[in-house]
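K.L.:
Below is one structure. I have some questions about it.
Nothing in this text is a laboratory measurement; each read-out follows from the coordinates by a stated rule. Values in this document were obtained by computation on a predicted structure and should not be read as measured data.
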Amino acid sequence: MQLPNDNRVILAVGAGLAILAAVVLALLFMGGGEEKKSAEAEPAEPGALSVDVADAPELQPTRELRCFVDGQFVGMATLADCAERNGLATDGLDVGLDSSGNLAAAATASFAPPPTAPVEQEASDNPEPATPVNGANPSFAETRPQRVAGAPCLRYTGSEWRQLSGTATLNECVQALYAGTCVGPGEAQYGRHGNLTLRLVPRRVEQSSDNTRFRVLAEQDRSCQFPGLG
């Protein structure tokens, strides 16, 4: 028994639509897979420079950066030229990103010299400076015994000394002062533990018993933390 002509037309159209839908779906799946592969294979966009403070010393010696002398911008220069202008060796400069996001070099704490020390504490609050932790490289060769607990911890706010704690260990004082805080080239933040001056500079905390000569106490990681202090 033969179907009417209009039924044959309906069946033919339906079959055609089914085939067309199958082709469209196949193309969509194939195209999506190719786009995914292309996205996975595509490398990171070149040209955008991202420099971490900790990576700055590894830069090419011919690269120019913003050079500061006595806290003043003196132009673009290589690290060696900037060190010569400052009368220092290249490792005597702090290198990193300045407040504008540009690579810069400046002498340590050249923007923030040590403030006048507060009134001296009693001798019991003035033990010897601590031995640097976790292999930190001190600026001086001598080693000292570990600092005892119980000294006042103070922060310098830019105009005055403010006490954070009356009885803190040295590690607790450093963490309270500087954990989560990083500074740029030439910048510094100051604190006190008893009669010991503490100074945060790029990548490290330094200590001084005379408020003049500083040596490394602890290294700071890229997250502005001090893993060596526990």
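K.L.:
Name the long-range amide H neighbours of T108: under 5 Å, sequence gap of 5 or more, or other chain; modelled H, no Pro or chain starts.
P.N.:
D94
K.L.:
Separate question: For a quick check: with amide H placed at 1.01 Å from N, whose amide H comes under 5 Å from A151's, ignoring anything fewer than 5 positions away on the same chain?
P.N.:
A168
K.L.:
Also, quick follow-up: Could you give the length gained on full extension between S99 and F73, defined as 0.36 nm per residue of separation minus the Cα-Cα distance, in nm?
P.N.:
Taking 0.36 nm per residue and subtracting the Cα distance, the gain is 8.1 nm.
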